[in-house]
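The values are calculated or read from the model by the stated rules, or taken from the named source; none is laboratory data. Everything numeric here is computed off the predicted structure, so don't read it as measured data. We place every Cβ from the backbone using ideal geometry, glycine too, and count neighbours over all the protein chains shown.
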Amino acid sequence: MTVALARGDCPRLAAPMETGDGLLARIVPIGPIGIDGFAALCAAAQTCGNGLMEISARGSLQVRGLTQKSAPLFADAAARLGLDAGDGTPVLATPLPDDPAALIDAHGLAAEIRHSIGARDLNLAPKVSVIVDGGGRIHLDALPADIRLRAVALSDGPKLLVSLGGDAATSIPLGLVRLGDAPAVVADLLAVIAAHGALTRARDVSDVNAFASAVRDWLESSVAVSSRKRAQTIGLHGLKDGRCAVGIALPFGQARALDLIALTQIARANGAAWLATAPERTLLIGPIGEMTGFALATAADTLGFVVDARDSRRRVVACPGAPACNSGLIPARKLAAEIAESLPASEGGIAVHVSGCAKGCAHPAHAPLTAVGTGRGYGFVHNGTARGEPEGYVEPHELLGMALSAGESSDA
């Protein structure tokens with residue numbers, strides 16, 4: 001088992017990454033997980049790790065505190081559950097099953113794309129990813145990817161708008177392709193990236209014509225698509241059969257495996273059959289009735305999960321920080337919890353980013369206020385990222401007032 005990953009690599013189930021609290025394994029779910037299987041996975045995390053599990057901003061599942069001895073045991077447990085760890089090139093699909101607003105079967109198409117990529121045996125950078133947005137309620141516009149496919153409704157049926165690099169707002173559109181051509185198109189576009197080197201990302205290829213030329217036989221003229229308001233993962237989401245799923249979030253992306261097991265037990269007792277991870281560190285649980293959804297949210301709230309989109313903990317994003325991360329110079333999540341208590345409830349979006357170091361793993365984008373761990377202590381950056389030069393250095397308690405001002409400005 002390889003654990004000494006190079007910078008830029010991603011932890012995987014087969015090759016976990018060394019961190020401050022042991023080995024970290026990541027699973028990229030390729031669809032909903034049966035509720036009993038999810039509970040068993042949490043039990044394995046409790047037995048093999050330190051009992052902490054995470055959902056990333058992109059919806060990946062992470063298990064902390066594994067050891068050289070226990071990591072293979074956890075991987076075996078996942079294999080026995082029939083869980084695909086998504087260790088190949090990540091192909092993320094819109095997460096809500098049976099979404100009545102979806103234009104296509106995003107999970108089915110994502111599976112075909114994974115097969116097409118695997119057949120090509122491309123040497124790609126670890127962080128290269130593909131997004132398949134089926135047009136449902138929980139879209140993926142905020143997530144950056146090397147190749148984006150967005151389903152659009154046209155008079156002759158849905159087609160896919162192909163874009164390169166960035167999120168929905170910053171990616172470069174190439175054109176439309178038919179659903180059946182998408183697996184080959186994605187593989188050919190990834191081949192262009194691979195041809196420029198094993199560390200290359202789509203944004204590094206300056207000649208967009210190289211991509212267009214590679215798929216010209218499938219490409220149709222592009223169409224303008226409207227921007228969409230921020231997708232809200234928390235709360236009730238209707239399904240095709242009249243039932244619903246409820247979205248709850250892990251505070252700062254982390255929860256105890258035992259609390260997740262308790263949540264699955266309550267959900268199972270109320271008729272739920274699956275759980276699905278979603279962006280913004282969220283779990284979707286379904287299918288359930290609407291009233292059951294409210295009851296399940298109440299139970300989740302009691303267990304400490306985030307069930308209200310206005311919860312102030314949603315306004316602060318933080319990495320594990322010290323001592324859980326070897327690179328962490330400050331206890332980021334502990335500070336994040338204190339900052340969240342000082343912020344008013346709001347759906348104004350992220351107000352504060354607390355980063356254990358200058359890498360800014362939890363939130364590479366700008367934030368109204370970023371607190372960052374440095375060799376000199378707690379640095380701060382306004383309207384920037386953790387990689388920016390700190391404007392100054394303060395004591396932790398001074399960040400509380402600064403965070404409140406940042407929260408008020410982001411609400412304005």
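Of all residues in the stretch 127-143, those that are on the phi > 0 side of the Ramachandran plot have Cβ atoms under 8 Å from Cβ atoms of residues that are assigned to a loop (DSSP other than H, G, I, E, B) and not aromatic (Phe, Trp, Tyr), 6 or more apart or on another chain, in Gly135/Thr94; Gly135/Ala101; Gly135/Ala102; Gly135/Leu103; Gly135/Ile104; Gly135/Ala153; Gly135/Pro158. For the stretch 128-145, residues that are of a type outside the set (S, T, N, Q) and under 13 Å from the mean Cα position of the chain (by Cα) total 10. Do the conditions hold for Ser226, that is, is it among the polar types (S, T, N, Q), without any contact (Cβ under 8 Å) to a residue 24 or more places away in the chain, in a helix (DSSP H, G or I) and out of contact with any Gly (no Cβ under 8 Å at 6 or more places or on another chain)? Here the answer is no, as Ser226 does not meet what is asked. Of the conditions (1) farther than 24 Å from Asp167 by Cβ; (2) among the small types (Gly, Ala, Ser); (3) under 19 Å from the mean Cα position of the chain (by Cα), Ala231 clears all except one; give me its number. So Ala231 meets the others, but not (1).
Each row is one residue, and each column tells you yes or no for (1) modelled with pLDDT under 95; (2) among the aliphatic types (A, V, I, L, M); (3) crowded, with 22+ Cβ neighbours inside 10 Å.
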| position | (1), (2), (3) |
| --- | --- |
| Thr2 | yes, no, no |
| Ala6 | yes, yes, no |
| Thr19 | yes, no, no |
| Val28 | yes, yes, yes |
| Glu54 | no, no, no |
| Arg58 | yes, no, no |
| Phe74 | no, no, yes |
| Leu81 | yes, yes, no |
| Ala85 | yes, yes, no |
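For the residues Arg333, Arg313, the requirement of being in contact with a Cys (Cβ under 8 Å, 6 or more places away or on another chain), within 19 Å of Pro396 (Cα to Cα) and in a helix (DSSP H, G or I) singles out Arg333. Here the condition is being surrounded by fewer than 24 Cβ atoms within 10 Å (Cβ to Cβ), in contact with an Asp or Glu (Cβ under 7 Å, 6 or more places away or on another chain) and over 25 Å from Pro364 (Cβ atoms); of Arg120, Arg137, it holds for Arg137 alone.
Matching residues to (1) in the same structural domain as Leu250 (by TED's automatic domain parsing); (2) surrounded by 14 or more Cβ atoms within 10 Å (Cβ to Cβ); (3) more than 21 Å from the chain's Cα centre (by Cα):
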| site | (1), (2), (3) |
| --- | --- |
| Ala336 | no, yes, no |
| Glu347 | no, yes, no |
| Val372 | no, yes, yes |
| Gly375 | no, no, yes |
| Gly379 | no, yes, yes |
| Thr385 | no, yes, no |
| Gly401 | no, no, yes |
| Ala406 | no, yes, yes |
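Just one of (1) free of Cβ contacts under 8 Å to residues at least 12 places away in the same chain; (2) of a type in the set (Ser, Thr, Tyr); (3) assigned to a loop (DSSP other than H, G, I, E, B) fails for Ser213. It is (3). Checked against the criterion of being part of a loop (DSSP other than H, G, I, E, B) and in contact (Cβ under 8 Å) with a residue 12 or more places away in the chain, the candidates Ala365, Ala403 yield just one match: Ala365. For the stretch 98-109, the criterion of being over 24 Å from Ala202 (Cβ atoms), in contact with an Asp or Glu (Cβ under 9 Å, 6 or more places away or on another chain) and acidic (Asp, Glu) is met by at least one residue.
Table: residues versus (1) free of Cβ contacts under 8 Å to residues at least 24 places away in the same chain; (2) farther than 26 Å from Ile55 by Cα; (3) touching a Lys or Arg at 6+ places or on another chain (Cβ under 8 Å).
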| residue | (1), (2), (3) |
| --- | --- |
| Ile339 | no, no, no |
| Thr370 | yes, no, no |
| Glu398 | yes, yes, no |
| Ser409 | no, yes, no |
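Taking the condition in a loop (DSSP other than H, G, I, E, B) and at positive phi, does Gly197 pass? So Gly197 passes the test.
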